[in-house]
Structures are given as C-alpha cells and as structure tokens.
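Visitor: Can you keep this structure in mind? I'll have questions shortly.
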Amino acid sequence: MTAWEMWGVAVSYLGNLVSVLLVLAILSGRKEARATLGWLLLVLFLPFVGAVLYLVFGRVPFPLPPRRDGAPGDLCPLPPPDLPGPMTRTAQLVSALPTRCGSLELLPSADAKYQRLFADVVAARERVFVSYYVFRRDETGDRLLTLLARKAAEGVEVRLLYDGWGAFGLNLFGHLAPYRARGLRTAAFHPVVDPLAMSRVNFRNHRKIVAIDGRIGYTGSINIGDEYLGRAARFGTWKDMHLRFEGEGVAALEAVFREDWHIATGEALPASPAPAEPGDTWIHVLPTGPNRAGDNLFPLLFAQFAAARESIDVLTPYLIPDPGLVAALCIAARQGVRVRALVPGKSNHPMVAAAGRSYYDELLDGGVALFETREGMLHAKGVLVDGQWALLGSTNLDNRSFHLNFELNVATSDPALCRALGELVEGWLADTAPITRERLARRSLPRRLIEGACRTLSPVL
C-alpha cells in the first residue's frame, strides 16, 4: 500500500469517527425533528464540512453566565388583579410580573426616534446604557458616538454594547479609539473574529436597548444608521417603529443590559439604584434568548392568537413562520378573525424573503391576508390583537428570532399605544399590494425552486 493509499484510509476512518461522534451529539440534543434529520444527513455524507458547520451553527452555546437575580422572566406570584385580560394572559404565560411605566410613546420612524433619543442623551446626568444589533459607521452612528463620548467625558457612566456580526466593522482600524479615550466603555457581543467565541457565532444579540438615568428607556426595531432614515437609494424610506417610555419599566431594560454586558465581558455590573416613579401604564418587558430556559414568546403568541375575536395584524420584515404558528394564524382566520400580515415587497435579505414566500400558499389557503409594501423597506416588528394587545420589539417571525437570537419585546394593552399602532398599520396598508393566488401561480419554476431551497436553509437564515 502506497503512502497516498494509507493516507486515504486514515482520512476515511477519521471521517467515520467524526460522523459517529457528531451523530451521537446531534441525537443527544433537543432539536426539532426536521433540523435533526438535516444535520444527520449533512454529517453522514460530508463529515468534515458537517463538523465545522455543526460546531458553528448547530450546537448549543457554551454554558453562559447565570442570569442575575431578579432578571425579567423569573418566576413570579399571581399577576395584579387590575391588569387587563390580555395582560393577565401574558403574565401567566411568561411567568413574570409586568412593570409600570409612564409616557409610553410609539415613535413611527427613525427620524422621530433619533430626535428624541439624541436629546435625551444630551440631558443624561448619571448613566447611559446602549445596546444595538446594527450600528453603522456613518453620519448617524458617528453623531451618536460623539454624544456618548461627550457625556462620558462629563463624568456620566456610558456603556455601548454592539453585536459582533450585526455591527461588524464598527471598531475596525481603531474607529472607536477616540471615543474610548474620552471615557466611553464599549464591548462587542460574540465577536466573529475571536476564535474563542466561534462556538457562539450563530447566537446574535438582536436587541435594541437604550436606558438613560434609570428614567427613560427605548426599545423596538430601529437600529443606528443612515439607512433607517431612508438615505440608502436601494430601499428608500424605511417603515419602522420604536418605543419610548419612562418610569419603573426602565429598570427592566437596565437588567437585560447588565445581563448582556456580563455575557460579553464577564464583568458583573452593580445593580442600579431604585427605579424612578412607576407610572400608570402596565407593560411587560420580555427578553428571550439561548441563555433562558423554555420558550416564552412562542406560547404567548399562540395564546393571544387563539384568544383573538376580531383581528390580528402582524408586521414583520422576515416571515418564516414555524408550522405551528402557521396553523395558529390559519385557525384564527377560519374562525372569522381578520388576519393580516404585512411584509416588505423588496427585502434587504433576499434569501430570507425567498424562504418566506414559500409559505404564502399555505397562509392564503388558511385565510390569512398577505400584503407586500410597494415602496421602501418594512422593518417594523409588531403584533396587534383585537386592537387591545400589542407586542413590539426586535423579534421577527422566523426561526432565528425564536430560537437563536437574544431578543427583546414589550407587550402592553395601553389603549393609546394600541390605537397608535393600529393607525400606523392602516397607514402602511395604503402603500401595499395584496398577495393573491393568481399572482403566486405566475411564479416561474426557477423561482419556486429557489424559494424551496431557501426554505430548507431557514433554520439558520
């Protein structure tokens, strides 16, 4: 036997060993059946390629730092008796008490958000915690960095946490160095260039959080960048939204930020002082992620959809629903509930959009009305049930948001907020085109094949 033949035999045996070990690892995990089958086929037929892909995209993350006591999502006693019905249902399903806030506002565009946010940062006196998935190196990003560094130089505690993938390049060539020199503390969440963090590269921090002085909080779906202001010619105006609120609920945002900072840096930040005046509006701050046991958001949406009597409106830029979620929407529609889903006609992630379109037939067959925007990029993420319960935040209706990303949403039954969201949905509907069966039937075979192929990749898109 020649040296090359011996080498071939050794590689073959090694491949078999890798396949066996990975099969055992995959079967010992708790994955959805289709995902398990997909990974098994990959590691059996392409053991070395499959090993790399599974270690990066398929396995659970390394044990993460334990959650701090009192973090949102902890088990709690019975909800307060004065909660509205949909909020009581939320409290029961997420096993967490709501908090009170004041001045709950829906900001219907990036321009509205940035104006309020920058003014609030300028007025900060004690601490500013900032966390974003996307943070661009452009005029908008540099303007916020300049404000944050200025407050840090004034003695305010300022910390910026950015996702290592979504904000990739933010610190290339020392871009953040001048701001750090003025006192701004920064950290990357699971940086993709860190070999020690490669096992976590698939678990992104998709949250958008700003907490100022424990009094003012921002969260929603608008990141930091010029594109959200409509300055990217490819997409034009972005349809997006954000929340601003004051009061006790801000403490919940700070708790999530401290937890994420601990994961990213290993530094445990001290608990913030007592929260501000609670306010008179109930909200639920709902963090989800791979460091939390169980899946609170999925059953919550199921329950709210099942309880709907009049209408369900869904806003999402990336519609890749779990089969169970498809069934929940279709069952509601068949029981007479008006179910509408708004998605972008032109997406900034074409593969994700293609995967989502593969679900259009079954949603339409189930009675769900689908609408695609004609102009701009719809990036808002929200749900409105019966005009009485709203969920807004960072979660898309896709596998990545439900099972892989660190996400943050806010649920409320505040009448003014629900009314404002309903008006926003109706306004955006005026700039949409309905998806019809006739339109779907005109799709070419290559396009259908592309959509089907993208659908198979949807667990990691």
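Visitor: Just a yes or no: is a residue in the range 374-388 surrounded by 21 or more Cβ atoms within 10 Å (Cβ to Cβ), in contact (Cβ under 8 Å) with a residue 12 or more places away in the chain, in contact with a Phe, Trp or Tyr (Cβ under 6 Å, 6 or more places away or on another chain) and closer than 25 Å to GLU438 by Cβ?
Guide: Looking through the range 374-388, none of the residues is surrounded by 21 or more Cβ atoms within 10 Å (Cβ to Cβ), in contact (Cβ under 8 Å) with a residue 12 or more places away in the chain, in contact with a Phe, Trp or Tyr (Cβ under 6 Å, 6 or more places away or on another chain) and closer than 25 Å to GLU438 by Cβ.
Visitor: Report the residue count in the range 260-276 for those that are open to solvent by 10 Å² or more (accessible area, probe 1.4 Å) and within 18 Å of the chain's Cα centre (by Cα).
Guide: Residues that pass the stated criteria total 2.
Visitor: Can I ask one more? Are there any pairs, at least 6 apart or on different chains, whose C-beta atoms fall under 6 Å, with the first in the range 351-363 and assigned to a helix (DSSP H, G or I) and among the aromatic types (Phe, Trp, Tyr) and the second at pLDDT 75 or above and surrounded by fewer than 22 Cβ atoms within 10 Å (Cβ to Cβ), and if so, which?
Guide: Short answer, once both residue conditions are applied: TYR360/ILE435; TYR360/LEU440.
Visitor: A follow-up question, please. Could you say whether any residue in the range 390-403 is open to solvent by 20 Å² or more (accessible area, probe 1.4 Å) and basic (Lys, Arg)?
Guide: Within the range 390-403, one or more residues are open to solvent by 20 Å² or more (accessible area, probe 1.4 Å) and basic (Lys, Arg).
Visitor: Here's another thing I want to ask about it. Let me confirm something: among GLU375, GLU451, GLU426, which residue is more than 17 Å from the chain's Cα centre (by Cα) and modelled with pLDDT of 95 or more?
Guide: Within the list GLU375, GLU451, GLU426, the selection yields GLU426.
Visitor: Right, ARG419: outside any loop (DSSP other than H, G, I, E, B), open to solvent by less than 40 Å² (accessible area, probe 1.4 Å) and at negative phi or not?
Guide: no
Visitor: Can you find, within the range 429-448, the residue that is nearest to the chain's Cα centre (by Cα) among those that are among the polar types (S, T, N, Q) and modelled with pLDDT of 80 or more?
Guide: THR432
Visitor: Just name the residue that is nearest to the chain's Cα centre (by Cα) out of those in the range 277-306 that are open to solvent by 30 Å² or more (accessible area, probe 1.4 Å), over 29 Å from ALA353 (Cβ atoms) and among the hydrophobic types (A, V, I, L, M, F, W, C).
Guide: ALA293
Visitor: Just to be sure, is ARG338 open to solvent by 40 Å² or more (accessible area, probe 1.4 Å), free of Cβ contacts under 8 Å to residues at least 60 places away in the same chain and not hydroxyl-bearing (Ser, Thr, Tyr)?
Guide: yes
Visitor: For the range 305-321, state whether one or more residues are at pLDDT below 90 and not in a loop (DSSP other than H, G, I, E, B).
Guide: Yes, some residue in the range 305-321 is at pLDDT below 90 and not in a loop (DSSP other than H, G, I, E, B).
The values are calculated or read from the model by the stated rules, or taken from the named source; none is laboratory data. Since we're looking at a predicted model, the values are computed, not measured. Neighbour counts run over all protein chains shown; Cβ positions are idealised from the backbone, glycine included. The accessibility values were calculated without ligands, DNA or RNA, using every heavy atom of the protein model including side chains. Shrake-Rupley method; radii C 1.70, N 1.55, O 1.52, S 1.80 Å.
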